[in-house]
Amino acid sequence: MKAFEGIDFLNIDEQLSSEERMIRDSVREFVTKEIMPSIATHYENGTFPTELIPQLAEMGTFGATIKGYGCAGINYTSYGLIMQELERGDSGIRSFVSVQGALCMYPISAFGTEEHKQKYLPKMAAGELIGCFGLTEPDFGSNPGGMITKARKEGSHYVLNGSKMWITNGGVAGLAIVWAKDDENKIRGFIVDRDLKGFSVRNIEKKFSLKASVTSELIFEDCRVPASQMLEVVGLKGPFSCLNNARFGISWGALGASMACYDEALNYSKTRIQFDKPIASFQLVQAKLVEMFTDITLGQLLALHVGRLKDKDQADPAHISMAKMKNVSNALKHARITRDILGASGITYEYQCGRHMLNLESVNTYEGTEDIHRLILGHHITGIPAFK
Ligand code: TGC
Ligand code: FAD
């Protein structure tokens, strides 16, 4: 498999530390050697490549920004670079790592007790225990505040009833971070071990997107969770603070998918001959390549700047919304442009753009749809919330 060189028109590499470049390059090589040869087959068969989990753990990709507990403790910019490289391989692999780290290990590290941290984080960093994050419900997606999953207090336990829908990693997880309303209708988070009675999982099959990722429904029927498993946070700011981290990672991940598509479009257009010339020699094809190249370069500046702000603890959720919204919608556009440049070849598994295009439909929807991020930014600009 040919080495991937990335795109660096503005010499952004110079802005990265040698450690950041080293992390990026080692994950890049891993993706080329370990993911690219088999990902199309996994995608076609609808299987998640579980064989990659030990290597992903060894590279420190799980809970990478957490300090201690067997985690790498690197900065957010390095974390973003890891997400970029993984999603160059497939959005499903990046999803797996995002959910494990940003959505499951982060809330345990931020809102869990010392006992929770000792019990769960080292095993999760080592990939021996996989997590999933249950916020969305069948009737409450963009509006999670309306959730109806209940956590009724009964002595030293909370009794969970309800269901969570479209949950990444659900079928392979040993624990779930579950958000539910308590007796006072306040949103609380629980660390729910998979083997608890009353907790069942149904995998969602027949997807055309994120096929190399497990997506499930979590069902709770009188599931008794010890009160000691409750996280120390109340209200929607609990799940939303996890989403800040995951959305940040996605804004970088989308650049990886964009770069994979651009690279494919450029290489193909230089070798595909029509009307006795490479199609790259036609102005209309060059215009498409330039649009992708420019978007990617602007997206890199945006992601890097938000990463630097996050490393100084100065990133506002609205900054992250802009980066997630713009980089993902551009990536989806780039996958479609590449599919177009490849003509009929673009619809086959031999090329990546179709797989990225279908994956990015989900990425544009999850972690806040493109329009929800538009509304978050609209609220930021005008001070007027337009969600309702
Ligand atoms: P709102 O009234 O605006 O806020 C409620 C409380 O939350 C606080 N808050 C935040 N805190 C931290 N970070 C943020 N980004 C926050 N945004 C809001 C806020 O200050 C308030 O706190 P308090 O103390 O006053 O109570 O909430 P709202 O109900 O009006 O919601 C607004 C809206 C629409 C923006 C929000 O609901 C939203 O973001 N919806 C999108 C839902 C979403 O993103 N779901 C993601 C599910 S997980 C997933 O998709 C994983 S995919 C993983 C993968 O495979 O990679
Ligand atoms: P809806 O909220 O019903 O939205 C439908 C449409 O209406 C969208 O276009 C939306 O933008 C629009 N809309 C909604 N409200 C407004 C408004 N106020 N103004 C204007 N337009 C609006 N969730 C988890 O909790 N954990 C996971 O691990 C997880 N993984 C996922 C994996 C995949 C593959 C997918 C596809 C989803 C996953 N999700 C997960 C769920 C995801 O977060 C939701 O799909 C997303 O939040 C949108 O909710 P919805 O699908 O119910 O769409």
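The values are calculated or read from the model by the stated rules, or taken from the named source; none is laboratory data. Computed from a predicted model, the values in this text were never measured in an experiment. Positions of Cβ are generated from backbone atoms using ideal geometry, with glycine treated the same way; all protein chains shown enter the neighbour counts. Accessible surface areas use protein heavy atoms only, side chains included; no ligands, DNA or RNA. Shrake-Rupley method; radii C 1.70, N 1.55, O 1.52, S 1.80 Å.
Of the conditions (1) open to solvent by less than 50 Å² (accessible area, probe 1.4 Å); (2) closer than 22 Å to Gly253 by Cβ; (3) within 12 Å of ligand 2 (Cβ to nearest atom), Ala110 clears all except one; give me its number.
Of the numbered conditions (1) open to solvent by less than 50 Å² (accessible area, probe 1.4 Å); (2) closer than 22 Å to Gly253 by Cβ; (3) within 12 Å of ligand 2 (Cβ to nearest atom), the odd one out for Ala110 is (3).
Sort out which residues of the stretch 30-54 are surrounded by 14 or more Cβ atoms within 10 Å (Cβ to Cβ), touching a helix residue (DSSP H, G or I) at 6+ places or on another chain (Cβ under 9 Å) and not hydroxyl-bearing (Ser, Thr, Tyr), and write them in order of number.
Phe30, Val31, Glu34, Ile35, Met36, Ile39, Ala40, His42, Phe48, Pro49, Leu52, Ile53
Just to check your reading of the model, which residue among Ser38, Ser95, Ser26, Ser91 is under 25 Å from Asp311 (Cβ atoms), of a type in the set (S, T, N, Q) and more than 15 Å from ligand 2 (Cβ to nearest atom)?
Numbers: Ser38 fails: under 25 Å from Asp311 (Cβ atoms); Ser95 fails: more than 15 Å from ligand 2 (Cβ to nearest atom); Ser91 fails: more than 15 Å from ligand 2 (Cβ to nearest atom).
Just one listed residue meets the conditions, Ser26.
Kindly provide the set of residues from the stretch 11-28 that are among the hydrophobic types (A, V, I, L, M, F, W, C) and either assigned to a helix (DSSP H, G or I) or open to solvent by 90 Å² or more (accessible area, probe 1.4 Å) (or both), ordered by number. Lay out the reasoning, then the answer.
So in the stretch 11-28, the residues among the hydrophobic types (A, V, I, L, M, F, W, C) come out as 12, 16, 22-23, 27.
Selection gives Ile12, Met22, Ile23, Val27.
So Ala331 fits all but one of (1) buried (at least 23 other Cβ atoms within 10 Å of the Cβ); (2) not in a helix (DSSP H, G or I); what number is the exception?
For Ala331, the failing item is (2).
Given the criteria modelled with pLDDT of 95 or more, open to solvent by less than 20 Å² (accessible area, probe 1.4 Å) and either touching a strand residue (DSSP E or B) at 6+ places or on another chain (Cβ under 9 Å) or within 19 Å of Gly92 (Cα to Cα) (or both), does Leu175 qualify? Full working, then the answer.
Details: modelled with pLDDT of 95 or more: yes; open to solvent by less than 20 Å² (accessible area, probe 1.4 Å): yes; either touching a strand residue (DSSP E or B) at 6+ places or on another chain (Cβ under 9 Å) or within 19 Å of Gly92 (Cα to Cα) (or both): yes.
The answer is yes for Leu175.
Does Ser91 meet the test of being away from ligand 1 (no atom under 12 Å from the Cβ) and not assigned by TED's automatic domain parsing to the domain that holds His356?
Numbers: away from ligand 1 (no atom under 12 Å from the Cβ): no; not assigned by TED's automatic domain parsing to the domain that holds His356: yes.
Taking the combined requirement at face value, the residue does not satisfy it.
With the condition kept exactly as written, say whether any residue in the stretch 369-387 is within 13 Å of ligand 2 (Cβ to nearest atom), out of contact with any strand residue (DSSP E or B) (no Cβ under 8 Å at 6 or more places or on another chain), assigned by TED's automatic domain parsing to the domain that holds Ala303 and on the phi > 0 side of the Ramachandran plot.
no
Scan the stretch 180-215 for residues that are within 14 Å of ligand 1 (Cβ to nearest atom), part of a loop (DSSP other than H, G, I, E, B) and in contact (Cβ under 8 Å) with a residue 60 or more places away in the chain and jot them down.
Lys207, Ser209, Leu210, Lys211, Ala212, Ser213, Val214
Against the conditions (1) assigned to a helix (DSSP H, G or I); (2) open to solvent by 10 Å² or more (accessible area, probe 1.4 Å); (3) in contact (Cβ under 8 Å) with a residue 24 or more places away in the chain, where does Gly368 fall short? Just the number, please.
(1)
Which residue, of Ile296, Ile384, Ile376, Ile337, is hydrophobic (A, V, I, L, M, F, W, C), modelled with pLDDT of 95 or more and not in a helix (DSSP H, G or I)? Steps first, please.
Values: Ile296 fails: not in a helix (DSSP H, G or I); Ile376 fails: not in a helix (DSSP H, G or I); Ile337 fails: not in a helix (DSSP H, G or I).
It is Ile384.
Are there any pairs with C-beta distances below 6 angstrom linking a residue in the stretch 216-238 that is of a type in the set (Asp, Glu) to a residue that is not in a strand (DSSP E or B), with the two at least 6 apart or on different chains, and if so which?
Pairs that qualify, where the first residue is of a type in the set (Asp, Glu) and the partner is not in a strand (DSSP E or B), are Glu221/Gly198; Asp222/Gly198; Glu232/Phe111.
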